[in-house]
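Below is one structure, written out as structure tokens; comments come after it.
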Number of protein chains: 4
Amino acid sequence: MTTIGFIGLGIMGGPMAANLVRAGYDVIGFDLGAERLAKLREDGGRAATSLPEAVGEADIVITMLPDSPDVEAVALGEDGVIAAVKPGTLYIDMSSIAPLTARRVAEAGAAAGVRTLDAPVSGGEPGAIGGTLSIMVGGSDADFEAARPVFEALGKTIVHVGGAGAGQTVKAANQLVVGGTYALVAEALVLLEASGVDGKRGLDVLAGGLAASRILELKRQTMVDREFTPGFRIDLHHKDMGIVQSAARAAEVSLPMAGLVAQLIASARAQGYGTLDHSALLKVIENLSGRSEG
Amino acid sequence: MTTIGFIGLGIMGGPMAANLVRAGYDVIGFDLGAERLAKLREDGGRAATSLPEAVGEADIVITMLPDSPDVEAVALGEDGVIAAVKPGTLYIDMSSIAPLTARRVAEAGAAAGVRTLDAPVSGGEPGAIGGTLSIMVGGSDADFEAARPVFEALGKTIVHVGGAGAGQTVKAANQLVVGGTYALVAEALVLLEASGVDGKRGLDVLAGGLAASRILELKRQTMVDREFTPGFRIDLHHKDMGIVQSAARAAEVSLPMAGLVAQLIASARAQGYGTLDHSALLKVIENLSGRSEG
Amino acid sequence: MTTIGFIGLGIMGGPMAANLVRAGYDVIGFDLGAERLAKLREDGGRAATSLPEAVGEADIVITMLPDSPDVEAVALGEDGVIAAVKPGTLYIDMSSIAPLTARRVAEAGAAAGVRTLDAPVSGGEPGAIGGTLSIMVGGSDADFEAARPVFEALGKTIVHVGGAGAGQTVKAANQLVVGGTYALVAEALVLLEASGVDGKRGLDVLAGGLAASRILELKRQTMVDREFTPGFRIDLHHKDMGIVQSAARAAEVSLPMAGLVAQLIASARAQGYGTLDHSALLKVIENLSGRSEG
Amino acid sequence: MTTIGFIGLGIMGGPMAANLVRAGYDVIGFDLGAERLAKLREDGGRAATSLPEAVGEADIVITMLPDSPDVEAVALGEDGVIAAVKPGTLYIDMSSIAPLTARRVAEAGAAAGVRTLDAPVSGGEPGAIGGTLSIMVGGSDADFEAARPVFEALGKTIVHVGGAGAGQTVKAANQLVVGGTYALVAEALVLLEASGVDGKRGLDVLAGGLAASRILELKRQTMVDREFTPGFRIDLHHKDMGIVQSAARAAEVSLPMAGLVAQLIASARAQGYGTLDHSALLKVIENLSGRSEG
């Protein structure tokens, strides 16, 4: 029986760990939240009292943490994963973090004889619960193949996109296009309505031509209705745009659209829309255009 | 038999007029190009020697012209369409122009007892030849219904989106989203490649999730291959972004994404890519990022 | 005695015409506003009952009008200036308009034997009243020299910057830099205050180094105090940014900063700050950052 | 005699340490570069063989390091400044880093009984050599007063702008305005030249009105001449724009101009202009506008 040490049992990590138990893994988890550990026990896993206890005897370690500094601390810290695991352990970070941090973890792993993968996901809480996440994986072929059964317990679209950090880079590119598309659809809708054209009818036309997108398909009705229940929160997309910018800086490229989208999402958050769905970018464009309703 | 006066027999207008002949209309065309008139005669239409001759006896008049000033001159000029047609004539401008100009034409028409529709299209030359254009129509219900058989001879998606100018507004919104999506996909691709990730594999992942779009579906392979045969030319998209900005100004809205996309497309044109496909926005982002290949 | 036909006796044109009277010119004015004509008579000028009457016998014609379409109508219309003046007349348009329109007027003038200059001003109402305007002049050396005494009655900084349209281009470049500098200072101030730094003290440091500008010198105290009495109104700067964009389009250049500044100023106007000083761009950045005070 | 431990003897730190020796301080320096230590000895200072040796007996410690991570390592690391100094030591970080890092250093200092100031400078290598730097200081009044004699040996404009991190925030605001002003002047110049107007004559007019700035005053001739010898290098300004963005993120504000300026400077660096003066932003705008000369 394969033992998986799982660090970070939050909104995403909690149901992911439960899915691994369900798939027959021996899951030993760690989190600073006592309730989360209790929940893992209920779900059939074991609760460790420290990070080293959770990972020390594991065959595979998974971390699912909020942001790059958390991963740096947990992976690279003095009592962190790399230091605490057995040589040969496969360590998969599934957090969404900066590609540069992912590469740093991979280098530290290589130096310590620990195999590493970066494997961020999309699909949000429903995907975590339903085991239907999309998983973008960076690392070696052999390590990817070794991890495949684990990924199959967690998601349905599993793609090996390249070497160390590549998973995070693809996630960043994805969030850039998603955030930008929301901004474009928001501007289109504001232009239509301010010109006296029925927004829904206009967006219907766009959704039928070269402007078509998954976002227009899934979100145009809720955007027209100003219905912004998440979904994926502005706060998280704001974090992700930070990753996009840091990835662009590391890659030494100039991405003007990304620069602007980042500021628009920062504005959504600064205006108090952080807990709304990312389609609430619409409110930023409305406010810029003096068309807010209160 | 219904007579249609058709002004502007270029790349788009020529095949459209031919389709109308094919559908059984009596088409009498006018254009300053003698070859274009000869082509219409070959296609079974009649060639007028002046604009008033083409429209004076027509039941329906269609104009298909390059830009707003052309429509202003042809529609509103001293010997223009509004002045030259019989009262009650249905005048359909199918050019892509500023919504404001479309509304001005509608007002002049109303004052002169001429019924007007603005009906810009998308689908390009293949759509014009194949009779498969998408047509976005602004104007009254009655006039739209009267024009429907004509539209059905020219296109396959025909949507009445609102009153005078609404067709042009929807076209503008469409071009904003299309241009912006190209820019986003270009930035995603440059970020991927500069980070050492295989561009095609990365875009494949994006095309399978919330970042999915018609553009990713149709164009990601050609963008990865740097294959920029048009399709729809940068020069035309540059013209359209001018319309977007003029529509935004008329609607008194602030559209920062539109402002940036317009400058990126202007850059494509200024750098000599005007006759390439609009996906050549990729070259602008590459050059910004110092990744041009010569 | 030199006769000057003066068209457009508004906030700027009225006091300018009065200064010309004061300088000894025979000024015959025309405007659609009866009160404005009465004011000119009070100031010692003559009031014409039509445009042709005002310009038909003039040695020099000056127009001072709101925007490009006004100049097009007044200069190029059927009974317009070019048509109505004597051959050899010197026609100076002092409105702020698109360089392209200025060049079109120059071409029409050349074709009709009318000498033309474009001579937009800066300095606002106080400059118009005090005769202290800055005047940027495009046209030939000979025509500039002929007009110099007139300019000296109106302004104090008078620069011949190039051929036809050059005056308008320099004015456009000026307004781009001015609008952009306000936006930069606004962002600096919002960053300082939101970081808990005293805004005035921070801007004082900027004003003493490489970030120094006339705007920091004149406006940092009023910006810190949120005192936005014009000065130069957002509405007018919005018009001017339209000219900047049209000039950039005509010159086939890509100006991303101009594109963004134009949208920020459009936002100021859309949010209802059109009659405030252009330093009220600060309110746009504050609102974007969720720091408005109500 | 006051002993100053000085860490970081590079282009800036080297001459600053020499100025402190000249002012009568006992300077004991540390740097990983042996040549730099030798230079300090030549200049009359003492060379330590480790960081703890340099700072352990010092009354005042100064660090002058490239970027935030360097300061984090040197200030907060296990054998770092905070750990190695005597309680009550005054620690002044003069590097340009993220305000957030400066505040973290201040907190760590407070916890350890070490007094801290953040005191970034402007004025570049000539200012460091000549002792004419501008110094922006964040921290308590008492610590600022205690450090004043040291600052007076290094610079001529010394301003206490607020509490911990305030110095770095003001520096960030300064670099935002400076970078943005270069971009605006570059766009103005490209617009002028592409419109056929003499760039120098046009910028002269701007420099005489509301668009005036220190940058127009000092740099318009070199920009017209395409003379880009630094001065202040694009590479350094690129680093500083990273700090601006991180400061904006920490302050939870939305700064669209900053977002765009950062991408334009990133482009300059990506296109290989990193070692040129920051006025070389002009080349980015020229390339965007298809006006590069090879």
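The values are calculated or read from the model by the stated rules, or taken from the named source; none is laboratory data. What you see is a predicted model; the values in this text were computed from it and never measured. Counting neighbours? That spans all protein chains shown, and the Cβs are built from the backbone with ideal geometry, glycine included. Just so you know, the surface numbers come from the protein's heavy atoms only, side chains and all, with ligands and any DNA or RNA stripped out. Shrake-Rupley method; radii C 1.70, N 1.55, O 1.52, S 1.80 Å.
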Of (1) open to solvent by less than 40 Å² (accessible area, probe 1.4 Å); (2) assigned by TED's automatic domain parsing to the domain that holds C:Val284, C:Gly155 satisfies every one except (2)
Being at negative phi, charged (D, E, K, R) and not assigned by TED's automatic domain parsing to the domain that holds B:Asp240 narrows it down to one of B:Glu187, B:Glu107, so name that one.
B:Glu107
Tell me, yes or no, whether the range D:243-259 has at least one residue that is open to solvent by 20 Å² or more (accessible area, probe 1.4 Å), out of contact with any His (no Cβ under 8 Å at 6 or more places or on another chain), among the hydroxyl-bearing types (Ser, Thr, Tyr) and assigned by TED's automatic domain parsing to the domain that holds D:Val185.
yes
Restricting to the range C:254-268, give me the number of residues that are within 18 Å of the chain's Cα centre (by Cα) and facing another protein chain (nearest Cβ under 7 Å).
3
Looking only at the range C:197-227, and only at residues there that are within 7 Å of another protein chain (Cβ to nearest Cβ) and over 25 Å from D:Ala186 (Cβ atoms), the one that is most open to solvent (accessible area, probe 1.4 Å)
C:Arg201
A careful count of residues in the range A:94-124 that are open to solvent by less than 20 Å² (accessible area, probe 1.4 Å), in a helix (DSSP H, G or I) and over 15 Å from A:Val74 (Cα atoms) gives 1
Among the candidates B:Ala194, B:Ala188, B:Ala251, which residue alone is within 12 Å of chain C (Cβ to nearest Cβ) and either over 26 Å from A:Ala250 (Cβ atoms) or out of contact with any Gly (no Cβ under 7 Å at 6 or more places or on another chain) (or both)?
B:Ala251
Can you pull out the residues in the range A:146-155 that are under 16 Å from the mean Cα position of the chain (by Cα) and without any contact (Cβ under 8 Å) to a residue 60 or more places away in the chain?
A:Phe151, A:Gly155
Please work out which residue is farthest from C:Thr2 (Cα to Cα), limiting yourself to the range C:29-52 and to residues that are acidic (Asp, Glu) and crowded, with 16+ Cβ neighbours inside 10 Å.
C:Asp31
Out of all the residues in the range A:15-28, which are open to solvent by 20 Å² or more (accessible area, probe 1.4 Å) and within 17 Å of the chain's Cα centre (by Cα)?
A:Pro15
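For every residue, the table says whether it meets (1) assigned to a helix (DSSP H, G or I); (2) free of Cβ contacts under 8 Å to residues at least 60 places away in the same chain; (3) of a type outside the set (Lys, Arg).
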| site | (1), (2), (3) |
| --- | --- |
| B:Gly88 | no, yes, yes |
| B:Pro126 | yes, yes, yes |
| B:Phe144 | yes, yes, yes |
| B:Thr157 | no, yes, yes |
| B:Val161 | no, yes, yes |
| B:Ala164 | no, no, yes |
| B:Gly167 | yes, no, yes |
| B:Val177 | yes, yes, yes |
Spot the failing condition for C:Asp240; the list is (1) more than 12 Å from chain B (Cβ to nearest Cβ); (2) open to solvent by 60 Å² or more (accessible area, probe 1.4 Å); (3) within 25 Å of B:Ala262 (Cβ to Cβ); (4) of a type outside the set (Phe, Trp, Tyr), and only one is missed.
(2)
For the range D:125-139: of the residues being more than 14 Å from every other protein chain (Cβ to nearest Cβ) and touching a helix residue (DSSP H, G or I) at 6+ places or on another chain (Cβ under 7 Å), which is most open to solvent (accessible area, probe 1.4 Å)?
D:Ile129
Any idea how many residues of the range D:63-81 are touching a residue at least 12 places away in the same chain (Cβ under 8 Å), open to solvent by 20 Å² or more (accessible area, probe 1.4 Å) and more than 19 Å from the chain's Cα centre (by Cα)?
2
Restricting attention to the range D:271-286, and to residues there that are over 21 Å from the mean Cα position of the chain (by Cα) and at the interface with chain A (Cβ under 10 Å from one of its Cβ atoms), which single residue is farthest from C:Leu264 (Cα to Cα)?
D:Gln271
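Those residues that are more than 7 Å from chain C (Cβ to nearest Cβ) and under 30 Å from D:Ala142 (Cβ atoms), I need them from the range D:173-185; list them, please.
The one that is more than 7 Å from chain C (Cβ to nearest Cβ) and under 30 Å from D:Ala142 (Cβ atoms): D:Gln175.
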List the number of the failed condition for B:Gly10; all other conditions in (1) assigned to a strand (DSSP E or B); (2) in contact with a Pro (Cβ under 8 Å, 6 or more places away or on another chain) hold.
(1)
Do we have C:Phe144 as surrounded by 22 or more Cβ atoms within 10 Å (Cβ to Cβ) and either assigned by TED's automatic domain parsing to the domain that holds C:Val27 or under 13 Å from D:Gly209 (Cα atoms) (or both) here?
no
